[in-house]
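Can you read through this structure? Questions will come right after.
The values are calculated or read from the model by the stated rules, or taken from the named source; none is laboratory data. These numbers were taken from a predicted model, which means no experiment stands behind them. Backbone-built Cβ (ideal geometry, glycine too); neighbour counts: all protein chains shown. Heads up: the accessible areas ignore ligands, DNA and RNA and are worked out on the full protein's heavy atoms, side chains in. Shrake-Rupley method; radii C 1.70, N 1.55, O 1.52, S 1.80 Å.
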Amino acid sequence: MRIKGNVFRGLAVLCGLWLYVAAYAQQESVDSVAAVSNDSLIEALRHQVQELELQGIMMREQLEITGKSAKEDSLRKAERKARIDSLRQITKGAPLVIDGDTLLTLYARKGGRLPEKRVEQAEEAIIEKGMQLTLKLDSIYVFDGDVSSDVMAGDAVLLSVTDEDAIWQNTTRQELVAQYAVIVGNKVRQLHEEYGLRQKLKGVMLVLGIVIGQMVLIWLTNRLHKRYRLRLLRKLLRRMHLLNIKDYEVLNLRRMGIVFLASLNVLRIVFILLQLLVSIPLLFSAFPETKSLTYTVFGYILNPVTDIFQSVVDFLPDLFKIIVIILCFRYLVKGFRYLLNEVAVGNLKITGFYADWAQPTYLIIRLLCYSFMLVMIWPLLPSSNSEVFQGVSVFIGVIVSLGSSTIIGNVMAGMVMTYMRPFRIGDFISYGSTEGFVIEKTMLVTRIRTRKNEIITIPNSSLMTSQTSNFTIAAKNYGVIVHTKVTIGYDMKWQLIRDLLLEAARSTPYIQKKPEPFVRVTNLDDFYVEYEINAYTHRADALSEIYSTLHQNILDSFHTNGVEIMSPHIFAHRQNLEVQIPKE
């Protein structure tokens, strides 16, 4: 009756603990802040519940043994097995796993040690014993004690089995420890075969063989390279032809020889690296302790190659899209180039569109097309959505925008001047104090050749913001007026001076007879009268020659008619100074 009272009290405590666990679990779902500490507490309570149930089972078994017959013993065992099976379904055991092999599972505590701690200690003891260099295979035995039975290896305890462990497995402690002794012994022997002295000696011999073989292969590779490289070079040079692109010699015999020898040297190094790629993992695989490094070394090489190959395979659909986009825009640009070339040569005429606009317009259209093509291709590029890719793109954009403000200004000015058409190549223009012929126009600068054959480079932005004069267009459409001034005293009749200037202008080459030259009296000074001769010409490219000849003709005309070209106020101081007219 006392045993029954103990059983009932144990069951009452068990029910109370289950109710407490349920209430605590409900509180745990509400309060997630103390989740880690709650889990540990629940685990401790679960182990206490398991121990109470086991005590109840043992008490009930003891009661039944004292009061029941042998016939009821089989029913009692079946009932105990059913209870243990139901308890095992809700209890997570601690498996003993070594090298991926699950040897056994423990459910019960031993003293104050949880099953997880018992499994950890057993694993360390088995591995330590199995990795010894020497081991007597018959040294593993079972020691039966009053409380537990131990699987021994010499003086070391590999695993302890208690009555609670036997109950969990529905057997007796002696039967269970005998089973575990066989399993543990086989694992220790297996580990010894892999890590024992014999295996170490085999590993040393294998390492020596691999090292010697690799050294021989490297020596043989270098020997063959030195022996046959010149022979192969001579045979190659006899059959190779020079590679020329127009007038540029890309590869001559000397360059071919250098490239070939360098390529052979690279192949030699690659071949040696491939040998090392095989031999180094073999070295690591010689010993079980370093065998895992074999896969690590292979992973260092194979993983990048595999990732690159997989990335290429994944990129193939986008690659085909990029190819289609590039082909479409390429033929679109070719179509625009054909039309604008027709406009440039005059075969196609568009009202208000000049032929010299064709080339810059083509460049602008091509830039816009390729920019739009890049915008379409950009999202299809690998890693285009990554933060690193976007950050580098933004950085490059900022650098370009900060460093190219002047360049962009010149380009925009060049585009504006292209469509304003202030001058064309070959025109004679004036920019500030600079006069010359336009010899080159680009999107950034304009180059002018002066009368002294000096090449002056002017940024387009400067031309855009300054005044320029185009003599060629004026001479072609209206005629440029050549003009020069002379000062004559009041003692000379203005009609005479006018006739002499007109005579000098008419005798000057490239001066147009229609419209006729004309003379203007531009100033009446205190001492002299200022006359200006004006004449038309259509030869803007010969202005220097026209001015020189005109000045010569004015001197000849005035001197022939006895007119002295001198400021008259000098007469007050000339005294006996001769007339300033050359003698015949």
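From the residues in segment 124-144 that are modelled with pLDDT under 80 and small (G, A, S), which one is least open to solvent (accessible area, probe 1.4 Å)?
So, considering only residues that are modelled with pLDDT under 80 and small (G, A, S), the one least open to solvent (accessible area, probe 1.4 Å) is G130.
Only one of (1) closer than 30 Å to S285 by Cα; (2) open to solvent by less than 70 Å² (accessible area, probe 1.4 Å) fails for Q169. Which number is that?
(1)
Among the residues of segment 248-270 satisfying the criterion of being open to solvent by less than 60 Å² (accessible area, probe 1.4 Å) and modelled with pLDDT under 85, which is nearest to W219 (Cα to Cα)?
Of everything passing the filter in segment 248-270, F260 is nearest to W219 (Cα to Cα).
Pairs only if they're at least six apart or on different chains, beta carbon under 8 angstrom, first in segment 311-336 and closer than 17 Å to P382 by Cα and among the charged types (D, E, K, R), second in a helix (DSSP H, G or I) and open to solvent by less than 50 Å² (accessible area, probe 1.4 Å); list them, first residue then second.
D318/L380; K321/L380
Residues N523, N561, N576, N553: which one is over 30 Å from G436 (Cα atoms), more than 60 Å from the chain's Cα centre (by Cα) and modelled with pLDDT of 90 or more?
Only one candidate qualifies: N523.
Six or more apart or on different chains, Cβ atoms under 7 Å: show the pairs whose first residue is in segment 214-229 and within 14 Å of I269 (Cβ to Cβ) and whose second is of a type in the set (D, E, K, R) and assigned to a helix (DSSP H, G or I).
So the pair list comes out as T221/R268; H225/R268.
While we're on this one: Taking E164 as meeting all but one of (1) crowded, with 16+ Cβ neighbours inside 10 Å; (2) modelled with pLDDT of 80 or more; (3) of a type in the set (D, E, K, R), write down the number of the exception.
(2)
In addition: Suppose we filter segment 296-316 for residues that are more than 23 Å from L274 (Cα to Cα) and among the polar types (S, T, N, Q); how many remain?
Number of matching residues: 1.
Hey, among the residues in segment 370-386 that are at pLDDT 75 or above and over 16 Å from V333 (Cβ atoms), which one's surrounded by the fewest Cβ atoms within 10 Å (Cβ to Cβ)?
Out of the qualifying residues, it is P379.
Yes/no per residue for (1) in contact with a Phe, Trp or Tyr (Cβ under 6 Å, 6 or more places away or on another chain); (2) in a helix (DSSP H, G or I); (3) open to solvent by less than 60 Å² (accessible area, probe 1.4 Å); (4) at pLDDT 80 or above:
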{"residue": "D314", "(1), (2), (3), (4)": "no, yes, no, yes"}
{"residue": "F320", "(1), (2), (3), (4)": "no, yes, no, yes"}
{"residue": "I323", "(1), (2), (3), (4)": "no, yes, no, yes"}
{"residue": "L340", "(1), (2), (3), (4)": "yes, yes, yes, yes"}
{"residue": "A344", "(1), (2), (3), (4)": "no, yes, yes, yes"}
{"residue": "L368", "(1), (2), (3), (4)": "no, yes, no, yes"}
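Return the pair list, or none, for Cβ contacts closer than 7 Å from residues in segment 545-558 that are in a helix (DSSP H, G or I) to residues that are among the aromatic types (F, W, Y), at least 6 apart or on different chains.
Within 7 Å, the pairs are I546/Y510.
Quick one: how many residues across segment 346-358 are within 16 Å of I425 (Cα to Cα) and either open to solvent by less than 70 Å² (accessible area, probe 1.4 Å) or of a type in the set (A, V, I, L, M) (or both)?
Residues meeting the conditions: 4.
Now, a different point. Could you go through segment 174-190 and let me know if any residue there is open to solvent by 60 Å² or more (accessible area, probe 1.4 Å), touching a strand residue (DSSP E or B) at 6+ places or on another chain (Cβ under 8 Å) and among the polar types (S, T, N, Q).
yes
Which count do you get for residues in segment 454-475 that are among the polar types (S, T, N, Q), surrounded by fewer than 17 Cβ atoms within 10 Å (Cβ to Cβ), over 22 Å from S548 (Cα atoms) and in contact with a strand residue (DSSP E or B) (Cβ under 7 Å, 6 or more places away or on another chain)?
Number of matching residues: 2.
I'm checking my understanding of the structure. Among residues of segment 178-236 that are among the small types (G, A, S) and under 47 Å from the mean Cα position of the chain (by Cα), which one is farthest from V259 (Cα to Cα)?
Restricting to residues being among the small types (G, A, S) and under 47 Å from the mean Cα position of the chain (by Cα), the top hit is G203.
Then there is this: So which residues in segment 333-372 are touching a helix residue (DSSP H, G or I) at 6+ places or on another chain (Cβ under 6 Å) and more than 24 Å from T442 (Cβ to Cβ)?
L348, the sole residue that qualifies.
Something else about it: Hey, among V392, V445, V398, V416, which residue is within 21 Å of I455 (Cα to Cα) and β-branched (V, I, T)?
Every option except V445 fails the conditions.
Another one. Being exposed (fewer than 14 other Cβ atoms within 10 Å of the Cβ), modelled with pLDDT of 75 or more and at positive phi: is that true of G100 here?
yes
Yes or no, residue by residue, for (1) closer than 30 Å to Y419 by Cβ; (2) surrounded by fewer than 17 Cβ atoms within 10 Å (Cβ to Cβ):
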{"site": "R449", "(1), (2)": "yes, yes"}
{"site": "N477", "(1), (2)": "yes, yes"}
{"site": "V486", "(1), (2)": "no, no"}
{"site": "Y490", "(1), (2)": "no, yes"}
{"site": "K493", "(1), (2)": "no, yes"}
{"site": "L496", "(1), (2)": "no, yes"}
{"site": "Y510", "(1), (2)": "no, no"}
{"site": "P517", "(1), (2)": "no, no"}
{"site": "D526", "(1), (2)": "no, yes"}
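So, one more: Could we say that F329 is surrounded by 14 or more Cβ atoms within 10 Å (Cβ to Cβ) and either outside any helix (DSSP H, G or I) or in contact with a Phe, Trp or Tyr (Cβ under 8 Å, 6 or more places away or on another chain) (or both) here?
Yes, satisfied.
While we're on this one: Hey, any hits in segment 414-424 for a residue that's basic (K, R), within 30 Å of L332 (Cα to Cα) and in contact (Cβ under 8 Å) with a residue 60 or more places away in the chain?
Scanning segment 414-424 turns up at least one residue that is basic (K, R), within 30 Å of L332 (Cα to Cα) and in contact (Cβ under 8 Å) with a residue 60 or more places away in the chain.
Also, I was wondering about something else. Would you confirm whether any residue within segment 396-411 is over 30 Å from T446 (Cα atoms), surrounded by fewer than 14 Cβ atoms within 10 Å (Cβ to Cβ) and in contact (Cβ under 8 Å) with a residue 40 or more places away in the chain?
no
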